[in-house]
Amino acid sequence: MILVTGVNGLIGSTVIREFARQEYPVRGLVRNRAKAQALETLPGVEMVEGDMLHPETLGRALDGVDRVLLISSPDLQMVETQCTFIDAAKQAGVRHITKLSGVTTSLDSPFLFSRMHAEISRHLERSGLAWTFLRPSQFMTEYLREVPTIVAERAFFLPFEDAKLTPVDLEDVAKAAFALLTTAGHESKTYMISGPEALSMTEVAEQISLATGSTVRYVNISVEERNRIQLAAGIPAYVADALDVQSRLRQKGNGEEVVHLETHTALGIRPTPFASFARRHAADFLGTSEWGRAQKERKHPLGLRDLPSA
Ligand SMILES: NC(=O)c1ccc[n+]([C@@H]2O[C@H](COP(=O)([O-])OP(=O)(O)OC[C@H]3O[C@@H](n4cnc5c(N)ncnc54)[C@H](OP(=O)(O)O)[C@@H]3O)[C@@H](O)[C@H]2O)c1
């Protein structure tokens, strides 16, 4: 049995849909089953409740599980959550954990979440379990956070200057996760995965303009201004501060501008260009989809848990 954690979230839910599309049985771990109804009705999907911070709640979820895809929220508890889960999984007889982190994962990183992912990765490597690391670049869905101002002002406001990023489609990451969990030979290997192009924010704006048939501008703002906007949007101060650090690293060039297609190539996945993602979400960017219409009332970029699925 394969268990995927964090499946009420963005990437976890996309992975579960990929298993269902491939008609491959999978179990998902959620804290709240009521929120997972749409996923639970998919073919071959079993949903089990449990809290990764509380091993005593994980008995049913881990019963008979051989392999796990480890995902949880980027929050202050992430290290404790995932390390507690790794220990519980080992105790329950799990053999192999594939951990989802990010391209910039490093113990030396000034960016909080890159450091946290590295600490968890080190714990997994030392656990004695078989491990694989899946390290995606920025998710393309990050640009959906900017929908409120794109709809209201046909512009989005970020402090990345002329930095280039290589956003990846969640569906490509989900395909990679599916392949890593269902085929052999990935023990002790790291898989970096990005989108096929390095794009400046002006180029991202051009792609959204082309997809929607309506001009969208990128407006560069200061890191301090972005911090004020994030706080006003209700994003916790520690996340806003971490994102400031990330913005400054991006301005200098922190490796996120490097295209990584080696995982697509190794696993036989066709890379999705940003233009396809933008066309798929054109109605969201125009504010004409149900989700897009709901964002019209908002004045700020969206918080961490407000996005539609991939
Ligand atoms: N955003 C990016 O561009 C990007 C790029 C590369 C990597 N990443 C990494 O991708 C990972 C996942 O991101 P995401 O956007 O999918 O996150 P997300 O939407 O917040 O989903 C995470 C899920 O984990 C669950 N979870 C958290 N704590 C839990 C616990 N104690 N027990 C059980 N479940 C728990 C949450 O459950 P509830 O629904 O109950 O809250 C949520 O459904 C993060 O580690 C992030 O650092 C993100």
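The values are calculated or read from the model by the stated rules, or taken from the named source; none is laboratory data. Just so you know, these numbers come straight off a predicted model, no measurement behind them. Note that we place each Cβ from the backbone using ideal geometry, even for glycine, and neighbour counts take in every protein chain shown.
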Can you pull out the residues in segment 200-237 that are surrounded by fewer than 20 Cβ atoms within 10 Å (Cβ to Cβ) and within 21 Å of Pro136 (Cα to Cα)?
-> Ser200, Glu203
Among the residues of segment 179-186, is any over 29 Å from Asp244 (Cβ atoms), within 16 Å of the ligand (Cβ to nearest atom), of a type in the set (A, V, I, L, M, F, W, C) and out of contact with any Lys or Arg (no Cβ under 9 Å at 6 or more places or on another chain)?
-> no
In the set Glu224, Glu203, which member is charged (D, E, K, R), in a helix (DSSP H, G or I) and in contact with a strand residue (DSSP E or B) (Cβ under 9 Å, 6 or more places away or on another chain)?
-> Glu203
Any idea how many residues of segment 95-106 are surrounded by fewer than 23 Cβ atoms within 10 Å (Cβ to Cβ) and away from the ligand (no atom under 13 Å from the Cβ)?
-> 3
Residue match in segment 76-88 (condition: surrounded by 22 or more Cβ atoms within 10 Å (Cβ to Cβ), in contact (Cβ under 8 Å) with a residue 60 or more places away in the chain and more than 22 Å from Tyr238 (Cα to Cα)) | yes
Please specify each residue of segment 107-131 satisfying the condition of being away from the ligand (no atom under 15 Å from the Cβ) and of a type in the set (S, T, N, Q).
-> Ser127
Out of (1) closer than 23 Å to Val259 by Cβ; (2) within 11 Å of the ligand (Cβ to nearest atom), what's the single condition that is false for Glu171?
-> (2)
Has segment 144-156 got at least one residue that is in the same structural domain as Glu224 (by TED's automatic domain parsing), within 16 Å of the chain's Cα centre (by Cα), among the aliphatic types (A, V, I, L, M) and assigned to a helix (DSSP H, G or I)?
-> yes
Taking segment 2-59 as the search range and keeping residues that are at positive phi and more than 13 Å from the ligand (Cβ to nearest atom), which one is surrounded by the fewest Cβ atoms within 10 Å (Cβ to Cβ)?
-> Glu23
Among (1) more than 20 Å from Ile97 (Cβ to Cβ); (2) within 22 Å of the chain's Cα centre (by Cα); (3) not hydroxyl-bearing (Ser, Thr, Tyr) - the single one Gly44 does not satisfy | (2)
